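The values are calculated or read from the model by the stated rules, or taken from the named source; none is laboratory data. Everything quoted here is computed from the prediction, not taken from an experiment. Counting neighbours? That spans all protein chains shown, and the Cβs are built from the backbone with ideal geometry, glycine included.
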Amino acid sequence: MELKDYQLRALDQLRFFLDKCRSSDFAAAYRATLARTEAGQRAEGDKAADYARGGYTPVEGLEAETPYCCIRLPTGGGKTLLAAHAVKVAATEWMDRARVPVLWLVPSGAILNQTVDALKQPRHPYRRALEDAFGAVAVFDVDERRQIRPRDLIDKTVVIVATMQTFRVQNTGDRNVYRTDENLEDHFREASPAEGLEVEEEGPRRGQIKLSFANLLYRQRPLVILDEAHNFMTGLAGAVKQRLRPSAIIELTATPANRSNVISAATAAELKAAEMIKMPIHLSQHGSWQQAVNAAVMNRAWLEEIGARDPGRIRPIALYQAQAATEGAEATVDKLKQHLIDVERVPETAIAVATGDQRELDGVNLFDPDCAIEHVITVQALKEGWDCSFAYVFCSVAGMRSAGAVEQLLGRVLRMPFAKRRASEELNRAYAHVSEKSFNDAANGLTDTLTHMGFDESEARKAIIQTQQDELALEGGDAGPLYALPPQAPVMRLNERPSIGDWSLEAQGAVRMAEDGAGGVVLTVKADAPEAVQREVAAAIEPISPGAVEAVERFILQAQAARSPAERGVRFEVPRLHLMIQGELDLAEPESFIELAGWDPNDDPAKAELPAFTFEEVAEGYAFDIDGDRIVYRQLVGAIELALDEDTHWDAAALARFLDQTTRKAHTAQPVHAEYCRRVVDRLIDGRGMALAALVRGKYALRRAVIARVQQLRDQAAAQGVQLFLNGLGEPQAPDLHAFRFQPYRYSPDGRYEGRFRPAKHFYAAMGKLNGFEEECARAIDALDAVETWVRNGVTAPDNYSIPVGGGNFFPDMVAKLRDGRLLVLEPKGRVDEGDLEKERVGRRFAEASGGRLLFAMIRQNDSQGRDAAAQIRAALS
C-alpha cells in the first residue's frame, strides 16, 4: 500500500527528530523539528507547531534515555500503517539494531485483536511494511508471551501487542506481566540484579531476579508504539515507565494530549485530498427518532442504487446508535430493531446487532458481495476496533451529546472505500441523521465530535452541510445539482446514471456525476483529462445522452485557447549536461564529479583512518564518540548478538562485511568499498588497539562513523572534480540525448503561488511559490517578448529540471523557452554564498558547452552594477 504525502512527511519528521536526538538533548531536537514545519521546509499543511504547548515533555524518570514524540492524524488517516513504517525509522535512526523488539500498546481488547490479526496476515499492508524493512518478523499477543524464545529477539523483529491496562497498575502484583513466570526463565540465564531488574521481595526466591515479562522488556529496551493511546503517557506513573524502560516512544493519535510532543500533524483537508475520507458530512436533523430512522433507511437505499453501478460494487451500510436500556428509554436496541422490521420493512436477515451481549458481526465479512447485512445497530460496541469503509449512513437516536460513543461511531462512516475517490459524488460523502430538538444542537454536537476526532474546528464546521428535514441533501438548491460538482466541463445531463465498470481506468477516474434534483443525473469530465479520455466518455454515454460527442468536441476546441501551454501539448524540453568519462559520454550526475577526480578510498591507506572515532569503557557499558556525538551502549548480558564468544559468527571479516553491507552507496563498486571497510577494521584493531568484542558491540556507532568519513572524503573528491570540470576536464556537452521534458501532468511544486500576479506565459496553469525577489524575476520573464513560455521550477525530482553540482542536484528556480529556440535558465538569489557561486560556475560552464542553445544567469537582488531583475535578464539574453 503506497503511503500518502502526509504520511511520508510524518516519517521524514520522525527521521529528522530521532537523528537530532543523537547530537543534542531531546528538547533541542524537538525545537529543531518544529522549526522545520514553521520554516515551510516540508510540504504545506503540517500543523505540528500548532500543537506544541509548553515545549518538550520528557518521559518521567527516563529524561535523558528515551525520546518521546507524537504524530497526529485525524480519524481515517492510516495511523496503524504509518506506525508499521515508523518501526524501521526508529530502528535505523535511534536504536541501532538490525532487528528490534516492539511493544505495541492499544487502548482496548477489540483493537488489540484487530491489530494482531492484521500484523499476522502475510499479505496485509501492516505485515508487509515490517517484512520489507526487517525480513524476519514475529507477532505475539501479550497473552502469547510465553512462546517468545530468546533467539527470536535476536533473529527477528518481535512485535508484542498489548493493551494499556496490561501495564497500568499501582500494585505490580495485580498484573501477570509483573509476576515471576518460570516459562520465561531462559531469558534470564545470565541476568544480574545489577542491570536494574526487579527482584523478589518475599518468598523462597527473595532477593533473586523476578522472571517476569516486565523484566524481560526492561532488558530488551523495546520501541513502544502508542496506537490511539494518548492517555497512556499521562495515565502511567513514572515508575511504570521506568519498569518498561523503552528505547523510544512513538505515539499516533487523532487527539494529542496537551503535553504530547507533536512533530507532524495532518489536516482533514489533506486526508480528503488523498482520498482517504468521505467529506463533507450531510447532516439532517429530525423531530423524532422514528423520522431519523426512516430517513436513514431511505438514504441507504438511495446510495445502494448508486453503489450498484460503481466499479467497486459499493454496498452502503447504515449504523444506528440506539439508546441504552434504561428506564424510560424509547429507542433501545430491541425497539429499534423491531421498528426497522415492522415499520421500515427491513428483512431481519439484513440487520445485525453488535452490543456487549449480542455479537452478530463476529466472523462476518461485510465486504463480501453476497453479504446480506445492510443495517447495524449498536450502543457503543462499535466504539473501537470495527472498520468497514462501506458504512455510509450514521443515525443517532441517543442524542449527539448523550453518548461518548458518537465520536468513534461517526468515524466508521468517514473512511473512503478502497481509499479512492468514487465517480459518483454521492459516494464521496458521509451522511448523519440525528433526532435533536434543534439543528444548532445537532450541528454543534457534530462539530464537537469532529474536533475530538482530530479535525480543526474550522475544518469541522466546513465539513458539515445542513440538509432540510426528511431530505437527503440541499447543496446548490435550485441553482444546480444536489451535489455541487467541481468546476469541470463539459457538463452533460442524463436521464439515468451510467454504469462505468467497463470503461478504462483513466475514464473512470476522470468522471464525476451526481443527481440533478430533477430526476436526472449531471455528468462532467475533469478538465485536465486527456482529450482521448474525454472522447471515450462521450462515446460511452452518447446512447443515453444524444449530443455528448458533439458537446465534448466543442469543449475541446473552445478550451484550447484558454489552456496553458502544457495543457495544449506544447513540448518543453531542456538539454542536460553530459560528461566524457573514461572515453564514454554519460549523463552527468553529482557522482560524475567524483569519477572525474578518480576517487578511490583505497588509494591512500591513511584514508582508512576514522580520526573522530574513540572508545572507552564506562560504568554503563561502552561509550563511543563520533566527532563529539557521544553514544553510550549498554551491554545486554546474554544477548547473543552483542556477546562475542564461541556461539557467535563475529570476527574481523564479519564486522567488515557488516560495514560494507550497511554503508555502501549505489555508485561505489562493491569490491572497492569492501576493501575499504576491511582496512578500517584492521586499523582500529591492529593500529589503535581496540578490542574486536567492543567494536562488535558498538558496530552501529562504527557504522555511522564510516558513513560520515566516507561522505567527507567523497565531498572532498566532488569539490576537486568540480574544479577539474571548470578547468575543462570531462568535455562537457549538451546533446539531445536524455533531454529533460516538463511533463504535462506531472508538475508537483512545493505549494502553490497565491499572490495577485497572473502570468500570461507560464507553462502550467498552476505556479509554484515565489518569494518577493523571485516574483520580481517572474514578472520580468513573463513580460519579455523573446519568451514563448516559462516555468517555475520546483525541487522535487523527477518532475523538475536539475543541474548536477558537487553537493547534489541543483534545481534552478526558473526555466524559459525562447521564441528563437534557445533556453534560458535563471536562479534568482537574495544572498549569494560559496555554494551558490559553485552553482553559477557550473551553470555557465554548461551553457558554454551547449553551443549557445542554453543560457544561464544568476540574478542577484543586490547586483553590483545596480541593475534590477529585468535589466539582468535582458543582459543574459544578449
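Among 318, 269, 308, which is the only one that is farther than 22 Å from residue 509 by Cα and not basic (Lys, Arg)?
Details: 269 fails: farther than 22 Å from residue 509 by Cα; 308 fails: farther than 22 Å from residue 509 by Cα.
One residue alone meets the criteria, 318.
Scan 815, 842, 825 and give me the residue that is buried (at least 21 other Cβ atoms within 10 Å of the Cβ), in contact with a strand residue (DSSP E or B) (Cβ under 8 Å, 6 or more places away or on another chain) and over 28 Å from residue 754 (Cβ atoms). Lay out the reasoning, then the answer.
Numbers: 815 fails: over 28 Å from residue 754 (Cβ atoms); 825 fails: over 28 Å from residue 754 (Cβ atoms).
Result: 842 is the single residue among 815, 842, 825 that is buried (at least 21 other Cβ atoms within 10 Å of the Cβ), in contact with a strand residue (DSSP E or B) (Cβ under 8 Å, 6 or more places away or on another chain) and over 28 Å from residue 754 (Cβ atoms).
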- request: Just need a number here: residues in the stretch 1-37 that are in contact with an Asp or Glu (Cβ under 9 Å, 6 or more places away or on another chain), surrounded by fewer than 16 Cβ atoms within 10 Å (Cβ to Cβ) and modelled with pLDDT under 85.
  value: 1
message: Residues to consider are 217, 184, 197; find the one that is in a loop (DSSP other than H, G, I, E, B) and buried (at least 16 other Cβ atoms within 10 Å of the Cβ).
response: 197
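Can you name every residue in the stretch 265-324 that is of a type in the set (Gly, Ala, Ser) and touching a Pro at 6+ places or on another chain (Cβ under 9 Å)? Walk me through it before giving the result.
Applying the first criterion (of a type in the set (Gly, Ala, Ser)) to the stretch 265-324 yields 265-266, 268-269, 273-274, 284, 287-288, 292, 295-296, 301, 307-308, 312, 318, 322, 324.
Answer for the stretch 265-324, where residues must be of a type in the set (Gly, Ala, Ser) and touching a Pro at 6+ places or on another chain (Cβ under 9 Å): 265, 266, 268, 301, 307, 312.
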- prompt: When the stretch 52-66 is examined, which residues are found to be of a type in the set (Asp, Glu) and either within 18 Å of residue 31 (Cβ to Cβ) or not assigned by TED's automatic domain parsing to the domain that holds residue 25 (or both)?
  reply: 63
task: Run down 807, 768, 721, 730 and say which single residue is touching a residue at least 24 places away in the same chain (Cβ under 8 Å), small (Gly, Ala, Ser) and in contact with a Lys or Arg (Cβ under 6 Å, 6 or more places away or on another chain).
output: 768
- request: Scan the stretch 673-690 for residues that are touching a Lys or Arg at 6+ places or on another chain (Cβ under 9 Å) and not charged (D, E, K, R) and jot them down.
  value: 673, 674, 676, 677, 680
Residue identified as small (Gly, Ala, Ser), assigned to a loop (DSSP other than H, G, I, E, B) and touching a residue at least 40 places away in the same chain (Cβ under 8 Å) among 318, 296, 331: 331
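So that you can scan it fast, the table gives a plain yes or no per residue for (1) more than 25 Å from residue 809 (Cβ to Cβ); (2) outside the structural domain of residue 612 (by TED's automatic domain parsing); (3) among the basic types (Lys, Arg); (4) modelled with pLDDT under 85:
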{"residue": "645", "(1), (2), (3), (4)": "yes, no, no, yes"}
{"residue": "651", "(1), (2), (3), (4)": "yes, no, no, no"}
{"residue": "659", "(1), (2), (3), (4)": "yes, no, no, no"}
{"residue": "665", "(1), (2), (3), (4)": "no, no, yes, yes"}
{"residue": "675", "(1), (2), (3), (4)": "yes, no, no, no"}
{"residue": "693", "(1), (2), (3), (4)": "yes, no, no, yes"}
{"residue": "697", "(1), (2), (3), (4)": "yes, no, yes, yes"}
{"residue": "713", "(1), (2), (3), (4)": "no, no, no, no"}
{"residue": "735", "(1), (2), (3), (4)": "no, yes, no, no"}
message: Looking at the stretch 514-542, I want the residues that are under 26 Å from residue 305 (Cβ atoms) and have a partner that is modelled with pLDDT of 85 or more and among the aromatic types (Phe, Trp, Tyr) with Cβ atoms under 8 Å, at least 6 apart or on another chain. Which pairs are those?
response: 536/503; 537/503; 540/503
task: Would you mind finding the one in 550, 536 that is among the acidic types (Asp, Glu), in contact with a helix residue (DSSP H, G or I) (Cβ under 8 Å, 6 or more places away or on another chain), over 22 Å from residue 428 (Cα atoms) and outside any strand (DSSP E or B)?
output: 536
- request: Please find, within the stretch 174-209, the residue that is nearest to the chain's Cα centre (by Cα) out of those that are farther than 18 Å from residue 149 by Cβ and of a type in the set (S, T, N, Q).
  value: 176
query: So which of 252, 283 ends up being part of a strand (DSSP E or B), of a type in the set (A, V, I, L, M, F, W, C) and under 18 Å from the mean Cα position of the chain (by Cα)?
result: 252
query: Looking at the stretch 493-510, which of its residues are in contact with a strand residue (DSSP E or B) (Cβ under 6 Å, 6 or more places away or on another chain) and of a type in the set (A, V, I, L, M, F, W, C)?
result: 494, 510
query: Does residue 862 satisfy being in the same structural domain as residue 760 (by TED's automatic domain parsing), within 35 Å of the chain's Cα centre (by Cα) and on the phi < 0 side of the Ramachandran plot?
result: no
- request: May I ask you to verify whether residue 226 is surrounded by 24 or more Cβ atoms within 10 Å (Cβ to Cβ), in a helix (DSSP H, G or I) and either under 18 Å from the mean Cα position of the chain (by Cα) or modelled with pLDDT of 80 or more (or both)?
  value: no
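Would you check which residues across the stretch 750-774 are assigned to a helix (DSSP H, G or I) and buried (at least 18 other Cβ atoms within 10 Å of the Cβ) and list them? Lay out the reasoning, then the answer.
Within the stretch 750-774, the subset assigned to a helix (DSSP H, G or I) is 772-774.
Result: 774, single match.
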field: Residues located in the stretch 101-130, provided they are surrounded by fewer than 14 Cβ atoms within 10 Å (Cβ to Cβ) and more than 30 Å from residue 355 (Cβ to Cβ)
entry: 122, 123
message: Can you find, within the stretch 328-372, the residue that is surrounded by the fewest Cβ atoms within 10 Å (Cβ to Cβ) among those that are modelled with pLDDT of 85 or more and of a type in the set (Lys, Arg)?
response: 345
query: What number of residues in the stretch 301-327 are under 19 Å from residue 288 (Cα atoms) and buried (at least 18 other Cβ atoms within 10 Å of the Cβ)?
result: 6
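What residue, among those in the stretch 794-830 that are assigned to a loop (DSSP other than H, G, I, E, B) and touching a Pro at 6+ places or on another chain (Cβ under 6 Å), is modelled with the lowest pLDDT? Spell out how you get there, then give the answer.
As a first pass, look at the stretch 794-830 and keep what is assigned to a loop (DSSP other than H, G, I, E, B): 794-802, 806-807, 811-813, 819-822, 830.
Narrowing further to those that are touching a Pro at 6+ places or on another chain (Cβ under 6 Å): 794, 813.
Details: 794: 77, 813: 93.
Of everything passing the filter in the stretch 794-830, 794 is modelled with the lowest pLDDT.
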